[in-house]
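Before any comments, here is the structure.
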Amino acid sequence: MPYLSGEDAVKELRRALSNPNVQSDPLRYRNTITKVIRVMSQGVDVSGLFPEMVKACATVDIVQKKLVYVFLCSYASLNPQLSLLVINTLRKDCQDANPMVRSLALRNMTNLRLPGLAEYVEQPLTVGLRDRAACVRRVAVLGWAKLHNLQPQAEIDAAVVNELYSLLRDSDPVVMVNCLRALEEILKDEGGVAINKNITHHLLNRLKECDVWGQCDVLRVLERYRPQTEGELFDILSLLDSCLTCAHPPVMAATLRLFLCLSAGLPSVCQSALERACGPLLAACGSNSREMRFTALAHVQLMMQSVPGLLGAHYKRFFCGYAEPAFIKQRKMQVLVELVNDENVSMLLDELKGYCTDVDPDTAQAAISAIGRIGRSYSDKCLDILTGLLGLRQEHITSAVVQTFRDLVWVCPQCSDVVCAALQGCEETLQDDQGRQALLWLLGVYGERVATAPYVLEGFIDGVRAEVSVSVKLELLAAALRLFLSRPAETQDMLGRLLHYCIEEERDMCVRDQALLYYRLLQCGPEQARRVVEARRSDPALGVLIGRPLQPIDAWAHGFNTLQPLSTAAATPDSSTRGSPEHLHCEPKHTLTEELKALTDVAELSQGSVVGVEPAVVSLSLSPALSPEDFEEMWLQLQSLHMDQGASAVEEGDFLCVVKLMPCQMLPVNSPQSLQAALQLVNIQTMAFTPPNALPWKVYLYTHTQPAPDSTSAECTLVLAELLYSSDTPDSSRAELSEDNDGLSPLSGDGRKSGDRCVKITVKQKPRDSAALSGFLCILTAVLNTVSAECKL
Amino acid sequence: MIGGLFIYNHKGEVLISRVYRDDIGYVAQRSFMVTSCIKPATLFNVNLFVCRRNAVDAFRVNVIHARQQVRSPVTNIARTSFFHVKRSNIWLAAVTKQNVNAAMVFEFLYKMCDVMTAYFGKISEENIKNNFVLIYELLDEILDFGYPQNSETGALKTFITQQGIKGQTKEEQSQITSQVTGQIGWRREGIKYRRNELFLDVLESVNLLMSPQGQVLSAHVSGRVVMKSYLSGMPECKFGMNDKIVIDKQGKGGDLYAFCCSGKQSIAIDDCTFHQCVRLSKFDSERSISFIPPDGEYELMRYRTTKDIILPFRVIPLVREVGRTKLEVKVVIKSNFKPSLLAQKIEVRIPTPLNTSGVQVICMKGKAKYKASENAIVWKIKRMAGMKESQISAEIELLPTNDKKKWARPPISMNFEVPFAPSGLKVRYLKVFESKLNYSDHDVIKWVRYIGRSGIYETRC
């Protein structure tokens, strides 16, 4: 155990060091000193040997010198007085003919870290700045930074600062970069190096000469520069363009960060920079070294906050390898969840399903909750997988599945039937607190639909004495009370027992208080209790598809390429994903709003000429509001009718289904909020949309048309619509089919001309009223045109 | 910038520690002072050494000795970030208090590993302990005040003095120049051994891909002839093997020896490369391999053959799917060489589907085990003689999945070591001629050894 029993070793070494025979033989002397260093690095306190080592310093043998310096730098602060003796030797070495000796002496003089020695060090440092050899200048420059670090309150001479500035033009790139680093530290209080146009251009021109580390530091410093004109900005960016696709991930990331900083006001430039950096970033994600892969993944996650669709096509790159460590797998899964869309969902789910049985329980649980996240948009497939996993009867898997069920049901209440059916028998495998809590919550809230709920609860209540976890007890109380309210006959007895135990015998105050609260609540009568306890079963504010609010790039750019994305992270903010479209803070630009109003007015006025039929004046209204579940149900119902009767019979029955293509070059796929706001102005409610930038991109809308005073239609109709925007050429034949049927061909005639980019609009109306529908379509078209025009600007 | 660099072994003992900036390890200092047995008098000094130990210990406790596996390559302890990279069982940790560019720190650690490998080979505890002075020197040059300075191995060479520039004698220096300029750069004059010895190793690795029906899809042997020579003076050596071209040529000449040999198999070598000592002109014209060997161990030649390979083992797999949740696997291995020889370290790896829940194995010989983490049944046999056969049968229970796609059935792979050359290569002679010193070919003690190992030896199932 070298930590404590080093005293003998130290004694022996001292004897050897002071032995004149050893001192006279250079090889033995050096070997003894090597031994000292070895003992030191094992953790033995060898500070007692300081005087002997100081003596050993005066030698011509460079190897011995280096070894002694390692020792001295570690222990100088313990022996400030004795260290003074070394200074003399060091100062003499600073005038040696050999530049290596000079730089060595200078470096170690500054490494001693003794504030008292500063006065002796300054002179050699000043001389060192003007040394012929680059390696001495490198050391001297950083020496000033060390000196400043040692005495932060003491001012560094302005002349020295000026000299450092002039050394930025040194012929050696490392000296230049060291100057930048030193100035950054010395002038920290003033905000670092003054970056003006000249320095910027000088640094940019020399960038190629620096090594990887130097490039990173230079790029970091350049972030503070503000180009005066846009022309200059683009000059700089085009100069840096090659670095953006550099093979070294640190340089690439630093360049990207610089791009984002410099062009903060120009979203299109940022966007294209991100697109260009995609390739190298993906390459880094597949890098050989796992740490680099991890870092790259963390940065990908950061980028996806603003441009989730950017890497959509490359989702396969984020599939986990078998031998990858858990931290990489979990990151990859988080990325995969963000990349899901209609086309790859089954592939992704298959892949995630494979991870659920991972040997590492944490990875398995992460995979299960990832499936749960996807389940918010694709509930059927995910529920199949999750219920299948319950069959494995593995403790950690069941626990994760039940927790995922709880989260899923909260967001998508339509899943509750499947979940309730799957809960049977889970209690046998569940062991951990979190899983049992989730199960209790589900039993409490959906107790009336789970046949065995009272029996399961009874099991828990019988074992409550042996229960250790307070949170499970609290959850049990709440669940028992809720179940009592829905199934009083079966639960009354056990609730009584539970309350009795919790009030009379329980030691924990929280549990006891909760039990007392419930007890008193029940005394007020079941109706009162129901009013208090029966809270919302789900979050009604959530849509069918959930889009996470988009972060602007500036929100994360300052954290890009630092430690931050690596440490924040493992927990993706769950609460924020629960934000529904209604809760988004969308503040469309004021000008856009004005413009839109004007334009829609015009559109409404001129719709007669566009449509070519009777000017159908419709007014739209949002009330009565439609809940997401109703919307989904109705959409699917209308669809199934449509399927059953075949395409030709679209208009039979009391509803109408229209598919129509509209040419639209640019849809604001990256800012759905603006579209949403625009639609809201004309009383069309956006129900849900896919994550921005994902392709195909979908929006679901609904509105009610109201009979205009002079129109022929007599009743209100409900209109549901889906906008589908995909990059590939749409299937025009199908559109034609329905066009012929619905008699709206004039509107959609130009769909095939511009060809490449179209929005496919599927509209379902109930009851049917083609005049009102054409009015609706007209307004929708006008809005989309306006928004896409805005987009182009 | 990097505050410090530490190297740990797998037990968490510090092998190397180098602190560049004072800020690291300050926080944990107080708690350390309370718990440690430092005398109150020394408490007044801000003990850098103590600080460093703290940062170091924190990392050991939180990462290396942590029960779970590593959760992230960056660990935050007391507001200090530890970036760690593991190479074999050595941990390299860079420590910093600043919000640094993470990709750069990792890239730097990789570079550090590269530099160390370039200087002393594989990064292992032993190598690090043996070269710790060199490492301190490297750390001093590569980083200054936590800023990377100079990380190119070539450029570093001028600054690193570990062999001692001043320590070199004139004699040694003149030797170096003669080695660089002289005719024979790989051997110095005046080597003397009391016993002249020669060790010759023929090391081959045999690669195979076989179809389930036993058809060879691809097979090749890549081999090396490694020689260890302890010979005095400047001996001239001649090496002969059963190369087909040579044998045929000699056969025409009616050489008696060649006649004896032609009964045996001769082999066709596809391509070969030699150590720089071999006279290539002579090889091209006469196909004879003659050379003045370097002293000590070196690789004489490297070759590849694809024809007439003796496959030491045959693997016969039988996989039967019984229903959706059960799989029966039977694998027979047959050894195909002389019964007097013994193969060693045999390992057969039978992959199992991902949804395997349990495995029952019965094998006649050796030990077999199902390794869930590797998704394979690993069957190990210590020794097996030639012309024998052994079999394993396993019942694999599967978890029911509603997975439509079938299991991909990765190939069965095998590892072994046999005491002959699967290519059929034989060393016919190795003659040593030294004219100046008075020892002859007969006085040299020669050892020849053949080792055949498996490369990628796979059979599809």
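Listed values, structure above:
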{"read-out": "Test: B:Tyr439 is hydroxyl-bearing (Ser, Thr, Tyr) and exposed (fewer than 13 other Cβ atoms within 10 Å of the Cβ)", "value": "no"}
{"read-out": "Candidates A:Leu125, A:Leu112 - the one that is within 14 Å of another protein chain (Cβ to nearest Cβ) and modelled with pLDDT under 85", "value": "A:Leu112"}
{"read-out": "Residue tally, condition buried (at least 18 other Cβ atoms within 10 Å of the Cβ) and outside any strand (DSSP E or B), over the stretch B:400-420", "value": "3"}
{"read-out": "Condition broken by A:Leu336, with the remaining ones in (1) farther than 25 Å from B:Ser357 by Cβ; (2) within 14 Å of chain B (Cβ to nearest Cβ) satisfied", "value": "(2)"}
{"read-out": "Residue in the stretch A:317-331 that is of a type in the set (D, E, K, R), within 14 Å of chain B (Cβ to nearest Cβ) and in contact (Cβ under 8 Å) with a residue 60 or more places away in the chain present", "value": "yes"}
{"read-out": "When residues of the stretch B:69-115 are limited to those that are more than 25 Å from A:Ala247 (Cα to Cα) and within 8 Å of chain A (Cβ to nearest Cβ), the one modelled with the highest pLDDT", "value": "B:Ser81"}
{"read-out": "2 or more residues within 13 Å of chain B (Cβ to nearest Cβ): qualifying helices (runs of 4 or more DSSP H) within the stretch A:19-108", "value": "A:26-41, A:62-75, A:80-93"}
{"read-out": "Evaluation of B:Gln162 against (1) out of contact with any Leu (no Cβ under 7 Å at 6 or more places or on another chain); (2) within 14 Å of chain A (Cβ to nearest Cβ); (3) at pLDDT below 75 (one fails), failing number", "value": "(1)"}
{"read-out": "Residues satisfying the stated conditions in the stretch A:415-449, i.e. aromatic (Phe, Trp, Tyr) and over 22 Å from A:Glu395 (Cβ atoms)", "value": "A:Tyr446"}
{"read-out": "Per-region count, the stretch A:453-496, residues free of Cβ contacts under 8 Å to residues at least 40 places away in the same chain, under 14 Å from A:Ala515 (Cα atoms) and small (Gly, Ala, Ser)", "value": "4"}
{"read-out": "Residue ID - surrounded by the fewest Cβ atoms within 10 Å (Cβ to Cβ), chosen from residues in the stretch A:158-179 that are within 11 Å of chain B (Cβ to nearest Cβ) and either touching a Leu at 6+ places or on another chain (Cβ under 7 Å) or without any contact (Cβ under 8 Å) to a residue 24 or more places away in the chain (or both)", "value": "A:Val175"}
{"read-out": "Flag if B:Leu342 is more than 24 Å from B:Gln215 (Cα to Cα), surrounded by fewer than 20 Cβ atoms within 10 Å (Cβ to Cβ), aliphatic (A, V, I, L, M) and more than 14 Å from every other protein chain (Cβ to nearest Cβ)", "value": "yes"}
{"read-out": "The stretch B:210-238: number of residues that are more than 23 Å from the chain's Cα centre (by Cα) and of a type outside the set (S, T, N, Q)", "value": "13"}
{"read-out": "Pair list, Cβ < 7 Å and 6+ apart or interchain, from the stretch A:106-118 residues that are among the β-branched types (Val, Ile, Thr) to residues that are buried (at least 19 other Cβ atoms within 10 Å of the Cβ)", "value": "A:Thr110/A:Val121; A:Thr110/A:Gly143; A:Thr110/A:Lys146; A:Thr110/A:Leu147"}
{"read-out": "Residue match in the stretch A:264-286 (condition: over 26 Å from the mean Cα position of the chain (by Cα), over 16 Å from A:Phe560 (Cβ atoms) and modelled with pLDDT under 90)", "value": "no"}
{"read-out": "From A:Val44, A:Val60, A:Val121, A:Val39, residue being within 30 Å of A:Tyr165 (Cβ to Cβ) and either surrounded by fewer than 20 Cβ atoms within 10 Å (Cβ to Cβ) or hydrophobic (A, V, I, L, M, F, W, C) (or both)", "value": "A:Val121"}
{"read-out": "Selection count, the stretch A:304-358, where residues are touching a strand residue (DSSP E or B) at 6+ places or on another chain (Cβ under 9 Å) and of a type in the set (Asp, Glu)", "value": "1"}
{"read-out": "Any hit, the stretch B:6-29, residues being farther than 27 Å from A:Ala323 by Cβ, in a helix (DSSP H, G or I), modelled with pLDDT under 75 and within 12 Å of another protein chain (Cβ to nearest Cβ)", "value": "no"}
{"read-out": "The stretch B:362-397, residues that are in contact (Cβ under 8 Å) with a residue 24 or more places away in the chain, in a strand (DSSP E or B), more than 13 Å from B:Arg349 (Cβ to Cβ) and more than 14 Å from every other protein chain (Cβ to nearest Cβ)", "value": "B:Ile362, B:Cys363, B:Lys382, B:Arg383, B:Met384, B:Ala385, B:Glu389, B:Ser390, B:Gln391, B:Ser393, B:Glu395, B:Ile396"}
{"read-out": "Residue match in the stretch A:226-234 (condition: within 19 Å of A:Lys208 (Cβ to Cβ) and either of a type outside the set (Val, Ile, Thr) or surrounded by fewer than 20 Cβ atoms within 10 Å (Cβ to Cβ) (or both))", "value": "no"}
{"read-out": "The stretch A:224-241: number of residues that are among the aromatic types (Phe, Trp, Tyr) and assigned to a loop (DSSP other than H, G, I, E, B)", "value": "1"}
{"read-out": "Any hit, the stretch A:149-157, residues being within 11 Å of chain B (Cβ to nearest Cβ), touching a helix residue (DSSP H, G or I) at 6+ places or on another chain (Cβ under 6 Å) and either over 29 Å from A:Glu209 (Cβ atoms) or modelled with pLDDT of 90 or more (or both)", "value": "yes"}
{"read-out": "Some residue of the stretch A:346-369 being among the hydrophobic types (A, V, I, L, M, F, W, C) and more than 14 Å from every other protein chain (Cβ to nearest Cβ)", "value": "yes"}
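To keep it simple, each residue is scored yes or no on (1) small (Gly, Ala, Ser); (2) buried (at least 21 other Cβ atoms within 10 Å of the Cβ); (3) closer than 29 Å to A:Val345 by Cβ; (4) away from every other protein chain (no Cβ under 14 Å).
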position: A:Arg257; (1), (2), (3), (4): no, yes, no, no
position: A:Cys285; (1), (2), (3), (4): no, yes, yes, no
position: A:Val307; (1), (2), (3), (4): no, yes, yes, yes
position: A:Gly312; (1), (2), (3), (4): yes, no, yes, yes
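The values are calculated or read from the model by the stated rules, or taken from the named source; none is laboratory data. Please read all numbers here as calculations on a predicted model, not as lab measurements. So basically every Cβ, Gly included, is an ideal-geometry build from the backbone, and we count neighbours across all protein chains shown.
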